[in-house]
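Participant: Take a look at this one; I'll ask things after.
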Amino acid sequence: MDRGINTRCLHLEEEEGKVENFGAISYPIYQTATYAHPGVGQSTGYDYSRLQNPTREHLEKIVASLEDGIDALAFSTGMAAISLLMELFQPGDHLIVDSDLYGGSIRLFDNVSKKNGITFSNVDCHKDNVEAYITEHTKAIYIETPTNPMMNVTDIEALSKIAKRHSILLIVDNTFLSPYFQNPLKLGADVVVHSGTKYLGGHNDTLAGFLVTNREDLSERFRFLIKTTGSGLAPFDSWLILRGIKTLGIRMEKSAANALAIAKWLKEQSSVTEVIYPGFKEHPGYEIMKRQAKGFGAMITFKVKSKEFALSILEKVKMIKFAESLGGVETLITYPTTQTHADVPEEIRERNGITACTLRVSVGIEDVEDLLNELKTVFAETEAELNK
Ligand SMILES: *Cc1c(COP(=O)(O)O)cnc(C)c1O
């Protein structure tokens, strides 16, 4: 029987029963660039750390097991992972990409991939007829679900059927839910992307990225590309992400529970005009999320009544930090318009509903009463100031 995901965050079955690494419980950091060969034509399995390093490999095997992939590759950042992924494609290839994506991915596609002759259609994959955009040049569909920051939910299984019918790849950036809550490969995706900087690492202290696949041909191609382009994760950072993953389950549970409580509180505030959280029954993606994910995550997007109100919240928060990024133990609040999505063309931003009144919260694992108390203070002070 398959082991539970909390166990898989800690233990790699294939390495059990061996007495390697002096029995160290914490996997050692192999801080080495190169490896001695036992003899001519022989190798310990490791030749040079750009190709592979035991600490990175251990991490990759854990992440592959969490996502039910046959292979995972660890990169220096999430963007390094996505950049390498784009090397699968040739000039003339066409990709369908969701119109509401992480801003850095849009920046990469618009400013780097396009220059390399790859063309894109921005599609609202949660509601548009995706199949209508497929041409003979289309090679892949690239989505996030829920999306960042508008929390649109796409049915991964339904989309994977379309991708399979046309023999194109389905790529899912699974950063927002982490493998603890959602496993796109099981739902028919071919490649899963992670910014390991977020929930996998979980402590706002390390950058990392992953590509996970269940296809031999893609694994082989990715291995060739990582060796060639050299964006693999360093040994020490691999160890930090390994340590973070050990507590993935309890962090996800706690931050998702906190998020639900905060989303409910936000909804009751007269100064809040909209709360977008897929854990609410009225969210259009709620039923799909219930089917394809094990939890609703800890990201909340909300809109307040004015730009001044939004800016005042950002000025006044103290324990909650006004900062980019997400998925760590500390609660962060972000202003997508000028931070994560500043490089997204304004008309796309507006069409997606990201306005000057939109805020995004990545809920951490603090005591929820303390988070609510801080929000109550910040909101009350803002009300008083703006009504003066
Ligand atoms: C942060 C993020 C990325 C990029 O990852 P980095 O580790 O910052 O390079 C990609 N996708 C999503 C959804 C993200 O949140």
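Any read-out appearing in this document is the output of simple, stated calculations on the displayed coordinates, not a laboratory observation. Predicted, not measured: the structure shown is a model, and the values here were computed from it. Here the Cβ is made from the backbone with ideal geometry for all residues, glycine too, and neighbour counts use every protein chain on show.
Participant: Report the net charge of residues surrounding E366, where surrounding means a beta-carbon distance below 13 angstrom and charges are Lys +1, Arg +1, Asp -1, Glu -1.
Facilitator: Residues close to E366 contribute a combined charge of -1.
Participant: So, by mean Cβ neighbours within 10 angstrom, what's the order for 30-37, 204-211 with the highest one leading?
Facilitator: Packing order, densest peptide first, comes out as 204-211, 30-37.
Participant: Still on this structure, please answer the following. Using a Förster distance of 30 angstrom, determine the FRET efficiency expected from the C-beta separation of Q42 and T119, and round it to 0.05.
Facilitator: My answer for the efficiency is 0.05.
Participant: Label points 7 Å out from Cα along the Cβ direction at V19 and R50: separation in nm?
Facilitator: In this crude label model, V19 to R50 measures out at 3.8 nm.
Participant: I've got another one for you. Is there a pair in K161/K290; K164/K290; K61/K115 whose C-alpha atoms are over 26 Å apart, and which pairs would that be?
Facilitator: K61/K115, as the Cα separations exceed 26 Å there.
Participant: Still on this model: Starting at the first residue of the stretch 19-32, write each ³J(HN,Hα) from the Karplus equation 6.51 cos²θ - 1.76 cosθ + 1.60 with θ = phi - 60°, in whole Hz, x for Gly and Pro.
Facilitator: Ordered by residue, 3J(HN,Hα) equals 10, 7, 6, 6, x, 4, 6, 8, 4, x, 8, 8, 7, 9 Hz.
Participant: List, in order, the whole-Hz ³J(HN,Hα) value for each residue of the stretch 230-235 obtained from phi through the Karplus relation with A = 6.51, B = -1.76, C = 1.60 and θ = phi - 60°; use x for Gly and Pro.
Facilitator: Couplings: x, 10, x, 6, 5, x Hz.
Participant: Take peptides 127-140, 239-252, 309-322 and line them up by average Cβ neighbours within 10 Å, highest first, as a rough protection proxy.
Facilitator: 239-252, 309-322, 127-140
Participant: Let me ask something else. So how much slack lies between E385 and A323, counting 0.36 nm per residue of separation and subtracting their Cα-Cα distance, in nm?
Facilitator: Additional length available on full extension: 20.0 nm.
Participant: For the chain, what does -39500 (n - 2.57) per DSSP helix run (n ≥ 4), summed and divided by total residues, give at 222 nm, in deg cm²/dmol to the nearest 500?
Facilitator: When only DSSP H runs of four or more count, the value is -10000 deg cm²/dmol.
Participant: List every residue whose amide H lies under 5 Å from the amide H of A74, counting only residues 5 or more places away in sequence or on a different chain, with H placed 1.01 Å from N in the peptide plane.
Facilitator: L233
Participant: Could you run the Karplus curve 6.51 cos²θ - 1.76 cosθ + 1.60 with θ = phi - 60° over the stretch 258-269 and give me ³J(HN,Hα) per residue in whole Hz, x for Gly and Pro?
Facilitator: My calculation for the stretch 258-269 gives 4, 4, 4, 5, 5, 4, 5, 5, 4, 4, 7, 7 Hz in order.
Participant: Given contacts defined as C-alpha pairs under 8 Å and at least six residues apart, what's the relative contact order of the chain, whole-number percent?
Facilitator: This gives 17 percent for the chain.
Participant: Please check which bits of the stretch 155-179 a label hung off E136 would reach, taking the label as a point 7 Å along Cα-to-C-beta and the cut-off as backbone N under 11 Å.
Facilitator: none
Participant: Here is a follow-up. Taking Cα centroids, how far is the stretch 132-179 from the stretch 351-388 in Å?
Facilitator: For the stretch 132-179 versus the stretch 351-388, the Cα centre distance is 32 Å.
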